[in-house]
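This report concerns only the one structure given below.
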Amino acid sequence: MKSIHFNDKKTGDEINIAYSDYGKGQPVILIHGWPSSREMWEYQINDIVTAGYRLIKYDRRGFGKSSKPWTGYDYETLSEDLHELIMRLDLHDVILVGFSMGGGEVVKYIARHGEDRVAKIALISSIIPFLQKSPSNPEGADQDVFDEMIKGVQNDRMGFLDEFGKKFFGVGFLTQPVSTPFLHHFLELAAKATQQSTIECIKSFSRTDFREDVKNITVPTLLIHGDNDKIVPFEISTERTAKMIQQAELVVYEGAPHGLFYTHKEQFNADLLNFFVGLKHVDEPEENTALVTPF
């Protein structure tokens, strides 16, 4: 296992960020979602590396094999962890791919450090631009939704995550749902986090307003979301983000759940690689899997 080591600028805690590094070529950093780890990208690695890219994936602090401090789960700190990784590996011309909560690290990183080292970004099933309902954000979700999530983690984290995984991958509404062993695997990945990190990240991805941060994005951007996402509904997230970023290509997967990186992995991988080389998504009407609206 590879890792970078540094001291948290706020607390002085020693932080280890575990990462994997495969292949050669232009670097692609995959940033996982909540409550999983870098291992969620298992079905993307081969296609990306084989296509000639250097693939780097890492565990967010509090998850996987990275350090699990008590604090530091705000997006300012999480984006600094990404910055440390980029600087320690001296990466340039990077393609950042953020899934769900991981979209927040991508956007906050650009807001704090600019785009000098960034070539392109992809936001997948992302929580951007602002999830929580407020007077200035009436489109958001009610706070009760996130309070119930926190309560579920506090009362029975494994039970909550087990049910969450089913909704995450569309069990109950996909014609070909994921297997039971796969759901068990997803649960095992999420179980490696702590209760504290799991709860604190709920607070961060629900309460952080990225609407001003999004204005800093000028690099080519790919937005992918499923229109049957029960975790982060398309209408309150990516549909809005697409109107805020001028160089964004929006791809909506018809009927897809939140975890489309697995349920629609062939189309997803193809769309990522096309974006990496500068090609637009090509709809395949005979499969009726996606709708495209370029912005």
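Throughout, read-outs are computed from the coordinates displayed, never taken from laboratory work. Being a predicted model, the structure only gives us computed values, none of them experimental. No Cβ is skipped: glycine too gets one built from the backbone with ideal geometry, and neighbour counts run over all protein chains shown.
Can you give the three extents of the C-alpha atoms in the chain along their principal axes, from longest to shortest, in whole Å?
Computed over the chain, the largest-to-smallest principal extents equal 54, 43, 42 Å.
May I ask which residue of I31, F130, F234 lies farthest towards the positive end of the charge dipole of region 2-294, with charges of +1 (Lys, Arg) and -1 (Asp, Glu) on Cβ and the Cα centre as origin?
Of I31, F130, F234, it is I31.
From the cross-link list K151/K192; K2/K68; K2/K151, which pairs have alpha carbons spaced over 24 Å apart? Could you put the intermediate results ahead of the total?
Details: K151/K192 19 Å; K2/K68 16 Å; K2/K151 35 Å.
The answer is K2/K151.
How far apart, in nm, are two points set 7 Å out from the Cα along the Cα-to-Cβ line at Q143 and at M87?
It is 3.6 nm.
Over region 2-294, what is the relative contact order in percent, taking alpha-carbon pairs closer than 8 angstrom and at least six residues apart? Working shown, then result.
On the way: 581 pairs, mean separation 54.6, N = 293.
Over region 2-294, the number comes to 19 percent.
Determine the gain in length on full extension of the stretch E188-W70; use 0.36 nm per residue of separation and subtract their C-alpha separation, reporting nm with one decimal.
Working: separation 118, 0.36 × 118 = 42.48 nm, distance 2.12 nm.
That pair, E188 and W70, stretches by 40.4 nm at full extension.
Could you tell me the distance between the Cα centroids of region 101-132 and region 255-276, to the nearest Å?
For region 101-132 versus region 255-276, the Cα centre distance is 18 Å.
Relative contact order of region 1-97: what whole-number percent is it, with Cα pairs under 8 angstrom and at least 6 residues apart?
32 percent
Of the peptides 163-173, 105-115, how do they stack up when ordered by the mean number of other Cβ atoms within 10 Å, highest first?
Numbers: 163-173: 17.8, 105-115: 21.0.
Per-residue Cβ counts within 10 Å, averaged per peptide and sorted highest first, yield 105-115, 163-173.
Please report the net charge: other residues with Cβ closer than 12 Å to the Cβ of L89, K and R +1, D and E -1.
+1
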